[in-house]
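Just below is one structure, and these are the notes that go with it.
The values are calculated or read from the model by the stated rules, or taken from the named source; none is laboratory data. Worth saying up front: this structure is predicted, and the values here are computed from it rather than measured. Virtual Cβ from ideal backbone geometry, glycine too; neighbours counted across all protein chains shown.
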Amino acid sequence: MGERRKFNPPFLRQWRKRAGLSQEQLAEMIGCSPALVSMIERGQRQYDQEFLEAAAEALDATPDMLLRIDPENPAFEEAAAAQLRRVPEADRARLLAMIDAFTSPPNGKPISAGKEPKKAPRRRRAG
């Protein structure tokens, strides 16, 4: 394990909660104990690069995002948009197609251009 650094505890907790994971679930995904996740979240234990990379992968983020970006801050979406703007214009359509592919519902029809999927009709109760 590499050099240990102090972690900004709220960001790990916020990214974990954003992913809908418990400390136990995250610990299982990254191969550590729930106690370690808890101590790092509370700033009582330092993390190493291996932990940071495993946590980032489990939380669909990058190590840099876990350290610098508060996912509950409205500026988070602006940061994502800023990253997209850094992609060369010629590659943006391909990148957006890839995002569509990863975020499409199981029926395979992409959700694009901000359109929401149709909701299933409500069932009436027999009465």
- How about region 39-78: which of its residues are among the aliphatic types (A, V, I, L, M) and touching a helix residue (DSSP H, G or I) at 6+ places or on another chain (Cβ under 8 Å)? Ile40, Leu52, Ala54, Ala55, Ala56, Ala58, Leu59, Ala61, Met65, Leu66, Leu67, Ile69
- Query: Looking at region 39-53, is at least one residue at pLDDT 90 or above and within 14 Å of the chain's Cα centre (by Cα)?
  - Reply: yes
